Amino acid sequence: MSEETAQLSYAGKSYELPVIKGSEEEIGVDISKLRGQSGLITLDVGFKNTGSTTSDVTFLDGEKGILRYRGYSIEDLCEHSSFSEVAYLLINGELPTSEEFDKFQDDISHHTLVHENIRKIFDGFPADAHPMGVLSSLVTSLTAFHPESLDPNRDPKMVDLTIHRLIAKLPTLASWVFKKKLGHPLNYPENKLGYVENFMKMMFGLPTEEYKIDPVLVEAFDKLLILHADHEQNCSAATVRVVGSSQASLYVAIAAGINALWGPLHGGANQAVIEMLEDIHANGGDVDQYIAKAKDPNDPFRLMGFGHRVYKNFDPRAKIIKKHADAVLDKLGIEDPLLEIAKGLEEKALQDEYFQKRKLYPNVDFYSGIIYKAMGFPTEMFTVLFALGRLPGWIAQWKESRNLNQPISRPRQIYTGSPARPYPTK
Ligand code: SDX
């Protein structure tokens, strides 16, 4: 806490509010005692200016386009690390020693199986159910098969076990959703494979032939998972923290995060971007028409994959993903017209005053779907892939909130409804 204070004056009185300075020089006014001192609350619909917590997990600078997990830049982590190591870093706060990393991977690889009775729940879903709804339901069902998770305060070893089970089982559950859609037999995990290899094999392996692991796809997917791993207090991470603050099980906090991520304004945007690009392609590829729609205040159409609550400059993840999109499609020998349309949209939008004035740049979702599509994932699975990447970040955010013993989240409001009135007597 810094010694500085902020002054607030109202109705002839003035109030002194403590100022908190973060390790990256961010400044916040601590209003936790404002109502007690003044009777005033603050109002900030959508929390555009309101911090919900301090956090050591992730730092981002929206103006400079900086993103770091526990102090390490995403550029460095993409270059030198792996998704499994980044998961350990986010959850535990430090990079693992080789012994710690071996144990972490070993712990996870022994929980990849899912209780066979969860398959019975899974079998009840129609094949065309959206994967995100199935995934969040199956994650919630883990509370029934692992009731020891219901008390997150019970025992740190139990919390670690729940964390390992979540990281281990999500790929298995995610692959089942995909296989059911195709009408293919479900695959089981193979513990001798790495985390990403195991997922790819469960997704694309068939009992009729040997599945050949493609190192190009594994490397590209591993980097995409790293880039999605955390993003400070985004909508779904904030949801995980809010649900976790009631001391519900970690499984249901994560299921809530999956549901929040599903929305097209959040993680669901990666699916919406491809649907938009396919629409533009089907209508002759006229990007100008869609730019005009995006700018038209009377048209609800938005340029999906563009804009961001905090990035008012290029989303650093979008830069890396765009570079990889070219490389992956090249290596796979795929010519995707949607990539050219996306580049055309980006070029036009960045030169357009509407987007410049509102500082709307491509975000993480703008190019990611093009790589997922090239890797063989169907569009409806894209947000599931986002959830797979974001899982360690959600867990890290939840764990930090529980370790800080933060109170239940319960915002205030300003009532604007009807004054007191008697029930009409007949
Ligand atoms: C993610 O928070 C995170 O960190 C999220 C995320 C993560 O890693 O967790 O980064 C992942 O969710 C990325 C964002 C994915 N969503 C999309 O791509 C959907 C399209 N983008 C928008 O809907 C929008 O930009 C948001 C939701 C991302 C941000 O919305 P804000 O901050 O609430 O901004 P706003 O809606 O108030 O927009 C400000 C202005 C408005 O115009 P005016 O009313 O001022 O005239 O910009 C316009 C908006 O109409 N605008 C857009 C636009 N995004 C904003 N206009 C056209 N196309 C767009 N994409």
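Is at least one residue of segment 379-390 over 22 Å from A255 (Cβ atoms) and assigned by the TED database to the domain that holds L224?
Yes; the residues of segment 379-390 include at least one that is over 22 Å from A255 (Cβ atoms) and assigned by the TED database to the domain that holds L224.
Quick one: D30 ticks every box in (1) in the same structural domain as T239 (by the TED database); (2) away from the ligand (no atom under 16 Å from the Cβ); (3) within 26 Å of W398 (Cβ to Cβ) bar one, so which box is it?
Single failed check for D30: (1).
Exactly one condition in (1) modelled with pLDDT of 95 or more; (2) surrounded by fewer than 23 Cβ atoms within 10 Å (Cβ to Cβ); (3) farther than 21 Å from Y311 by Cα is not met by P378; state its number.
(1)
Looking at L95, L150, L161, L142, can you tell me which residue is within 30 Å of E26 (Cα to Cα), surrounded by 13 or more Cβ atoms within 10 Å (Cβ to Cβ) and more than 19 Å from the chain's Cα centre (by Cα)?
Of the residues listed, the single one that is within 30 Å of E26 (Cα to Cα), surrounded by 13 or more Cβ atoms within 10 Å (Cβ to Cβ) and more than 19 Å from the chain's Cα centre (by Cα) is L95.
How many residues, within segment 56-81, are of a type in the set (S, T, N, Q) and either within 13 Å of the ligand (Cβ to nearest atom) or surrounded by fewer than 19 Cβ atoms within 10 Å (Cβ to Cβ) (or both)?
So the count comes out to 2.
If you check T172 against the conditions, is it of a type in the set (V, I, T) and closer than 22 Å to I395 by Cα?
The answer is yes for T172.
Kindly check whether there is at least one residue in segment 401-416 that is aromatic (F, W, Y), assigned to a helix (DSSP H, G or I) and either crowded, with 24+ Cβ neighbours inside 10 Å or modelled with pLDDT of 95 or more (or both).
No, that holds for no residue.
Yes/no matrix, rows are residues, columns are (1) in contact with a helix residue (DSSP H, G or I) (Cβ under 8 Å, 6 or more places away or on another chain); (2) in the same structural domain as S401 (by the TED database); (3) within 16 Å of the ligand (Cβ to nearest atom):
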site	(1), (2), (3)
T162	yes, yes, no
I167	yes, yes, no
L170	yes, yes, no
F199	yes, yes, no
M203	yes, yes, no
E209	no, yes, no
S236	yes, yes, yes
S245	yes, yes, no
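Take A327 and tell me if it is closer than 16 Å to K223 by Cβ and not hydroxyl-bearing (S, T, Y).
Yes, satisfied.
Counting only residues that are among the polar types (S, T, N, Q) and under 19 Å from A374 (Cβ atoms), which one in segment 268-303 is farthest from the chain's Cα centre (by Cα)?
The qualifying residue farthest from the chain's Cα centre (by Cα) is Q271.
Cβ-Cβ below 6 Å, separation at least six or inter-chain, first residue in segment 311-323 and closer than 14 Å to F355 by Cβ and surrounded by fewer than 24 Cβ atoms within 10 Å (Cβ to Cβ), second modelled with pLDDT of 90 or more and of a type in the set (K, R): which pairs?
These pairs meet every condition: K312/K359.
Would you check if E232 is away from the ligand (no atom under 16 Å from the Cβ) and surrounded by fewer than 22 Cβ atoms within 10 Å (Cβ to Cβ)?
The answer is no for E232.
Name every residue in segment 385-419 that is of a type in the set (V, I, T) and either away from the ligand (no atom under 16 Å from the Cβ) or more than 21 Å from the chain's Cα centre (by Cα) (or both), in order of residue number.
I408, I414, T416
Being closer than 23 Å to A229 by Cβ, within 8 Å of the ligand (Cβ to nearest atom) and at pLDDT 95 or above is true for just one of R317, R309. Which residue is that?
R317
With over 23 Å from D352 (Cα atoms), surrounded by fewer than 21 Cβ atoms within 10 Å (Cβ to Cβ), more than 10 Å from the ligand (Cβ to nearest atom) and not hydrophobic (A, V, I, L, M, F, W, C) as the only criterion, which of D279, D288, D330 stands out?
Being over 23 Å from D352 (Cα atoms), surrounded by fewer than 21 Cβ atoms within 10 Å (Cβ to Cβ), more than 10 Å from the ligand (Cβ to nearest atom) and not hydrophobic (A, V, I, L, M, F, W, C) holds for just one of D279, D288, D330, which is D330.
Which of the residues belonging to segment 1-54 are surrounded by 11 or more Cβ atoms within 10 Å (Cβ to Cβ), among the charged types (D, E, K, R) and in contact (Cβ under 8 Å) with a residue 60 or more places away in the chain?
Passing the criteria: only R35.
Write out, first by first residue and then by second, each pair whose Cβ atoms fall under 8 Å of each other, whose residues are 6+ apart or on separate chains, and whose first residue, in segment 406-417, is on the phi < 0 side of the Ramachandran plot while the second is outside any loop (DSSP other than H, G, I, E, B).
Going by the 8 Å Cβ cut-off, the qualifying pairs are Q406/R241; Q406/S245; P407/S245; I408/S245; S409/R241; S409/V242; S409/S245; R412/R35.
Would you pick out the residues in segment 1-40 that are under 18 Å from I408 (Cα atoms) and part of a loop (DSSP other than H, G, I, E, B)?
Hits for segment 1-40 are D30, I31, S32, K33.
In this structure, is D299 more than 9 Å from the ligand (Cβ to nearest atom) and among the acidic types (D, E)?
So D299 fits the description; yes.
The values are calculated or read from the model by the stated rules, or taken from the named source; none is laboratory data. Here the structure is a predicted model, which is why all the values come from computation and not from measurement. Cβ: placed from backbone, ideal geometry, glycine included. Neighbour counts: every protein chain shown.
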